[in-house]
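The values are calculated or read from the model by the stated rules, or taken from the named source; none is laboratory data. Just so it is clear, the structure is predicted and the values come from calculations on it, not from any experiment. All Cβ positions, even for glycine, are placed from backbone atoms using ideal geometry, and neighbour counts span all protein chains on display. Remember, those area values only see protein heavy atoms, side chains included, never the ligands or the DNA or RNA. Shrake-Rupley method; radii C 1.70, N 1.55, O 1.52, S 1.80 Å.
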Amino acid sequence: MAALGAPMRTLRALLRELRHAAGLSYRDSPAYRHVLAAFRAHRVTSEKLCRAQQELHFQAATYLCLLRSVREHEALHREYHGRGERSPKEVAGLVGFRLPQQPGGKG
């Protein structure tokens, strides 16, 4: 995993992924409340060490990566999952090729 970036950016991205996963009622979900409570409990103050916040940020970034990967996997699965036999023209279109034209206008 690359550099973590800003915690607020990670929080926003994490909440965006939760919205994709749960739909419009994502604010009612326990995951939403837990993520916000954890980020509020580990925000930086001048009185405590920042180690716990960095651990939380790393865990949040890891969970964000998981949610994104699952969503992208499902999209790829829907697009390329086998739906039975396909014609050669459909298969060629999937991989970005065109079938050659037959002489005499047959293709």
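Please return the longest range in the chain lying between exposed loop sites, taking GluC sites (Glu not before Pro), DSSP loop only, at most 11 other beta-carbon atoms within 10 Å, and leaving the sites out.
On the way: sites that count: Glu47, Glu85.
In short, 1-46.
Taking only DSSP H segments of four or more residues, each worth -39500 (n - 2.57), what value at 222 nm results for the chain once the sum is divided by all its residues, to the nearest 500 deg cm²/dmol?
-20000 deg cm²/dmol
Multiply the residue gap between Ser29 and Ala41 by 0.36 nm, knock off their C-alpha separation, and tell me the result in nm, one decimal place.
Numbers: separation 12, 0.36 × 12 = 4.32 nm, distance 1.87 nm.
Contour length minus Cα-Cα distance gives 2.5 nm.
Write down the radius of gyration of the chain and its Dmax, each obtained from C-alpha positions, in Å.
Gyration radius and largest Cα-Cα distance of the chain: 22.8, 83 Å.
May I ask for the longest run of the chain untouched by trypsin sites (Lys or Arg not before Pro) that are loop-located per DSSP and have at most 10 neighbouring C-beta atoms (other than their own) within 10 Å? Numbers along the way, then the final one.
Working: sites that count: Arg83, Arg98, Lys106.
It works out to 1-82.
Ignoring ligands, DNA and RNA, what percent of the accessible area of the chain is carbon or sulfur (1.4 Å)? Intermediate values should be presented prior to the final figure.
On the way: 4960 of 8820 Å².
Carbon-and-sulfur percentage of accessible area, whole number: 56.
Quick check for you: with a 1.4 Å probe and neighbouring chains kept, what is the accessible area per residue of the chain, in Å²?
Values: 8820 Å² over 107 residues.
Here the per-residue accessible area is 82 Å².
May I ask you to derive the relative contact order of the range 7-95, considering only C-alpha pairs under 8 Å and at least 6 residues apart, and to give it as an integer percent? Don't jump to the answer; show the numbers that get you there.
Numbers: 35 pairs, mean separation 28.9, N = 89.
It comes to 32 percent, rounded to a whole number.
Could you give the nm distance between label points at His77 and Phe58, where each point is 7 Å from its Cα heading toward the beta carbon?
Spacing of the two 7 Å Cα→Cβ label points: 3.0 nm.
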